[in-house]
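Here the structure is laid out as structure tokens; the discussion comes afterwards.
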Amino acid sequence: MPFVVAGLLMWLTRGWWLFGLGAALGLLWLMRLRGWALFLAGVLIWLAVTVAVYRDPQGDFANIVQWSWPTLLWVLVLGLAGLAATRLLQALHRRSAARLADAPGIVPARPAAPQAASAQDDGLDRYARHIVLREIGGPGQAALKRARVLVVGAGGLGAPVCLYLAAAGVGRMTLADDDRVSLSNLQRQIVFRTADAGRPKADAARDAMRALNPLVEITPLNRRVTQADAELIGQHDLVIDGSDSFATRQAINAACVAAGVPLIAGSIAQWEGQLTIWDPARGAPCMACIFPEAPVQGLAPACAEAGVVGPLPGVIGSMMALEAIKLITGAGEPLRGRMLIFDGLYSENRVMKISRRGDCPVCSGAGGSGHFRQG
Ligand SMILES: [Zn+2]
């Protein structure tokens, strides 16, 4: 109704060109112009059109603005062409997105881990908020129960990953860390309590996860994961890397590429974090495609030297857990072929497209063309 009234007013005042003004502002809005800048742009366009019509009231431009039959036809043709182009672009975007999407998830059909369900807790009530989600539902929750996830590093990133995935009911989780809990960890590694100081991290995290959800099976490994662990990695559907050294990340990347297992990797320093899914078997790049060499000494200092704000690993680690749930249940569009960069100091998010390198020393021989799901 408001549109009819506006159209009638524009017809009466011969102000049809205001539709054009609206379209121009819409374009500028798409180009991320907002607020006062958008308003000013509108005023400037309006002023320019008014002055142009005033200076030459019988000219072509005035005819277009004041609407004549040929203009109407032109606008119709251009509008239809624009619509067709938009539809085409949308279809192309959907196709490239579908290429990297991996519905219905990465977990094959297999018996789920036996669960110590009690009379009060068979999971139905516990996972009720997942089950009502259209994108997860019963089948997604069953996939979570069947899933086997390896978490490397029970530190700042590993803490929310462990807690959220245990809470979400990921059936089998292996947790690898060779470190012990120290007081300086507690500022951000929220899976631990003060009383855990001195205990092996993998054991302390396992106890916290078990207290949160006794239905999941957790295997702690009090050691590092190395490149020789391809077999261990091959026993899992998904690896989540929250370790803090480049050498470890490199080794895990190589082992995941060899086993064809997707790898969710996050990293943090000071106020900024980033995450992505390395997965050359399904079209996404591996870590060596993007970071072929270790950063120069001092350019990427560890948290111990550079510091890190407490909630930052919580933000990035929670996003890693979210990507894991999406991968396992097949919901939405995971961060394959895209890297999310979060700047906590200025509250800004950026997503970059990243792609495989044909000459990558780690993954160029492995995986498929990336257009089709493997295995
Ligand atoms: Zn690669």
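Read the figures in this text as sums done on the coordinates, not as results from a lab. Since we're looking at a predicted model, the values are computed, not measured. So basically every Cβ, Gly included, is an ideal-geometry build from the backbone, and we count neighbours across all protein chains shown.
Among the residues making up segment 148-159, a single one is of a type in the set (A, V, I, L, M) and more than 20 Å from the chain's Cα centre (by Cα): ALA154.
I'd like to check something: does segment 300-313 contain any residue that is within 16 Å of the ligand (Cβ to nearest atom) and either among the hydrophobic types (A, V, I, L, M, F, W, C) or touching a His at 6+ places or on another chain (Cβ under 9 Å) (or both)? No, because not a single residue in segment 300-313 is within 16 Å of the ligand (Cβ to nearest atom) and either among the hydrophobic types (A, V, I, L, M, F, W, C) or touching a His at 6+ places or on another chain (Cβ under 9 Å) (or both).
Of all residues in segment 176-196, those being over 30 Å from the mean Cα position of the chain (by Cα) and not basic (Lys, Arg) number 5. Pairs linking a residue in segment 199-227 that is farther than 16 Å from TYR164 by Cβ to a residue that is small (Gly, Ala, Ser) and not in a helix (DSSP H, G or I), with Cβ atoms under 6 Å and 6 or more positions apart or on different chains, are LYS201/ALA154; ALA202/ALA154; PRO214/ALA116; GLU217/ALA113; LEU221/ALA176; VAL225/ALA176.
Residues satisfying the criterion are absent from segment 214-236 (criterion: under 30 Å from GLU348 (Cβ atoms) and of a type in the set (Gly, Ala, Ser)).
Applying the set (1) in a loop (DSSP other than H, G, I, E, B); (2) within 15 Å of the ligand (Cβ to nearest atom) to ALA254 leaves exactly one unmet item: (1).
For segment 194-220, filtered to residues that are assigned to a loop (DSSP other than H, G, I, E, B) and touching a helix residue (DSSP H, G or I) at 6+ places or on another chain (Cβ under 8 Å), the residue that is farthest from LEU124 (Cα to Cα) is ALA197.
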